[in-house]
Amino acid sequence: MSGNNEVQARKAIQNISPYTPGKPIWELQSELGISRIIKLASNENPLGPSPKALEAIMCSLPDIHRYPDSSTTSLRQAIAEKLNMKPQQMIISNGGDELITLVSEAFLEPGDEIIVPAPSFSEYEFGALLMGANVVNVPLGESYAFDIDAIVNAVTDRTKLLCICSPNNPTGTYLSQSVLHHLLDVLPKHILVLFDAAYSQYATAADYTNGLEFVRAGYPIVVLQTFSKIYGLAGLRVGYGAAPESIIQQILKVKEPFNVNALAQAAASAALHDTEHLHLSLQVNSEGKKQLYRSFRELQLPFVESMSNFVLVNLGTHAKFIYEQLLSKGIIVRFGGIWNLPGHIRVSVGKDVENSAFIHELNEILHFLHLRM
């Protein structure tokens, strides 16, 4: 019997590359043989999960032999009440990533086009390519601001979806309320806007919007939120989308049953009301960003002031070497090459001691490079 086969994968996936996550702690521990690893690569909450979420998980453990609520009724109701919306305007997903794929599956046909400002989160392209759609990248403007004129000019009769991440990953820049309103008004009404507000809780600009006001107003927009960031539940994979009810009904047609596990549902419901954890997380993030900003200024390293929980910093031609040296010291950051920013790294904001360790090692590496030059 021959071991060869002629099984052919779909042509649509030939251009898809698997997502490359930040290096996990366990992997670097194994490679270096050290226990102390500082991970500042995946924009996780350095304080850990909401204590109320942990308590809810413990209370839910005896029932994990039962299937979870496929309709996520309690969680949708809790989110809707908090946001002054209807449960029918909500869909709960297995992290924000699943929602992006569901939107693609529900609305994209082969040959359709999606517009994605670049650089940004790579999963928008994944969903489009999976469905045989074409990705139109529109470069961000000066200082990584959104170029609204370029976005509008990129629209064709085949444009079906526009993906906006605000605050944007990896730049930390954002779209103001007035500009988003203008954009929604001038776009053809057959274009759906996927507004990824995964980092919205960190945004402090007075003119920032999380997009929910436009859902309430009935615009063709899906607002993505996640419990992976400020709520500290990345390991449970739970996110949600808010959209007009007619759009939600279409997305529900492609959602798998039982897509969000019971522990994730219970934890998210509890974390949603843990205001103490939320406020402390915001405080740590604000202080941590100031700490990083001061150090980058002292080192004369250009960086982007961020509305999120990470900072994009320009290290120049030695960025890859510096990234690798930091890894060798047990510090994981994100190399910018994956966004076609080979001179940059993205640093997640950690606790004071974690930020200090990163700054110390960065200083040492830069001093070494200076001596060599």
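The values are calculated or read from the model by the stated rules, or taken from the named source; none is laboratory data. This structure is a prediction, so every number in the text was calculated from the model and none was measured. Glycine also receives a Cβ, built like all others from the backbone with ideal geometry; neighbour counts cover every protein chain displayed.
Some points to look at:
- Scanning the range 85-120 for residues that are under 22 Å from Gly218 (Cβ atoms), surrounded by fewer than 22 Cβ atoms within 10 Å (Cβ to Cβ) and under 17 Å from the mean Cα position of the chain (by Cα) yields nothing.
- The range 232-282, subset within 12 Å of Arg76 (Cα to Cα) and of a type in the set (Ser, Thr, Tyr), residue surrounded by the fewest Cβ atoms within 10 Å (Cβ to Cβ): Ser269
- The residues of the range 182-209 that are out of contact with any strand residue (DSSP E or B) (no Cβ under 6 Å at 6 or more places or on another chain) and buried (at least 23 other Cβ atoms within 10 Å of the Cβ), listed by number, are Tyr199, Ser200, Tyr202.
- Single residue of the range 27-84 satisfying the filter (more than 22 Å from Thr226 (Cα to Cα) and free of Cβ contacts under 8 Å to residues at least 24 places away in the same chain) that is surrounded by the most Cβ atoms within 10 Å (Cβ to Cβ): Gln29
- Filter pass, Glu354 being within 21 Å of Thr173 (Cβ to Cβ) and either in the same structural domain as Asn137 (by TED's automatic domain parsing) or acidic (Asp, Glu) (or both): no
- Options Phe126, Phe146: the member that is part of a loop (DSSP other than H, G, I, E, B) and out of contact with any Gly (no Cβ under 9 Å at 6 or more places or on another chain): Phe146
- Close pairs (6 angstrom Cβ cut-off, 6 or more residues apart or separate chains): touching a residue at least 60 places away in the same chain (Cβ under 8 Å) in the range 174-193, in a helix (DSSP H, G or I) anywhere: Leu192/Phe107
- Members of the range 73-98 found to be closer than 10 Å to Val238 by Cα and either out of contact with any strand residue (DSSP E or B) (no Cβ under 9 Å at 6 or more places or on another chain) or of a type outside the set (S, T, N, Q) (or both), listed by number: Ile92, Gly95, Gly96, Asp97, Glu98
- Test: Thr156 is in contact (Cβ under 8 Å) with a residue 60 or more places away in the chain, in a loop (DSSP other than H, G, I, E, B) and at negative phi: no
- Qualifying residue in the range 206-220 (condition: more than 17 Å from the chain's Cα centre (by Cα), closer than 21 Å to Ala128 by Cα and modelled with pLDDT of 95 or more): yes
- Residue, farthest from Ser143 (Cα to Cα), within the range 166-216, restricted to residues that are of a type in the set (A, V, I, L, M) and in a strand (DSSP E or B): Leu192
- Total residues in the range 241-297 satisfying the condition of being aromatic (Phe, Trp, Tyr) and in the same structural domain as Leu194 (by TED's automatic domain parsing): the figure is 1.
- Complete set of residues in the range 325-373 that are of a type in the set (Phe, Trp, Tyr) and part of a strand (DSSP E or B): Phe335
- Check on Ser178, among the hydroxyl-bearing types (Ser, Thr, Tyr) and either over 14 Å from the mean Cα position of the chain (by Cα) or modelled with pLDDT under 95 (or both): yes
- In summary, Thr171 fulfils each of the numbered conditions (1) touching a helix residue (DSSP H, G or I) at 6+ places or on another chain (Cβ under 6 Å); (2) under 22 Å from Leu272 (Cβ atoms); (3) buried (at least 20 other Cβ atoms within 10 Å of the Cβ) with the single exception of condition (2).
- Among the residues of the range 206-231, those that are of a type in the set (A, V, I, L, M, F, W, C) and touching a residue at least 12 places away in the same chain (Cβ under 8 Å) comprise Leu212, Phe214, Val215, Ile221, Val222, Val223, Leu224, Phe227, Ile230.
- Sole residue being among the hydroxyl-bearing types (Ser, Thr, Tyr) and outside any loop (DSSP other than H, G, I, E, B), chosen from Ser70, Ser74: Ser74
- Among residues of the range 125-148 that are modelled with pLDDT of 95 or more, none has a Cβ under 6 angstrom from a residue that is of a type in the set (Lys, Arg) and in a helix (DSSP H, G or I) at a sequence gap of 6+ or on a separate chain.
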